[in-house]
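The values are calculated or read from the model by the stated rules, or taken from the named source; none is laboratory data. None of these values were measured; they are calculated from a predicted model. Cβ placement follows ideal geometry from the backbone for every residue including glycine, while neighbour counts extend to all protein chains displayed.
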């Protein structure tokens, strides 16, 4: 009998569990590609900054006594933008009319919001 390490059996040398684990890992890696951006048909950078600022202020928890720093309640912030007509999607290379919003960060409200930069193409 040939010593082929199991390569001649159905499925080769990879067990069903190993193939499934590799498949799950591949799906998780691919799902994590790209950041989330916001888009609204016909809207530009100024529209996004206006709506994003308003939604962030409406859903802000202050973390300091001076009300300079805090966190935005993300689910409420996102719901606010959706209610204003924006949609959120993961993009590896977003088109120019997609914008980054507040994502897992501490926000400082005593400085102006940076204006979104056009995506280089």
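List of remarks:
- Residue in region 96-117 that is at pLDDT 85 or above and either more than 23 Å from residue 33 (Cβ to Cβ) or assigned to a strand (DSSP E or B) (or both) present: yes
- Matching residues in region 44-79 - criterion: being within 15 Å of residue 104 (Cβ to Cβ) and free of Cβ contacts under 8 Å to residues at least 24 places away in the same chain: 59, 61, 73, 75, 76, 78
- Here is the figure for region 56-87: residues that are touching a strand residue (DSSP E or B) at 6+ places or on another chain (Cβ under 8 Å) and modelled with pLDDT under 95 total 13.
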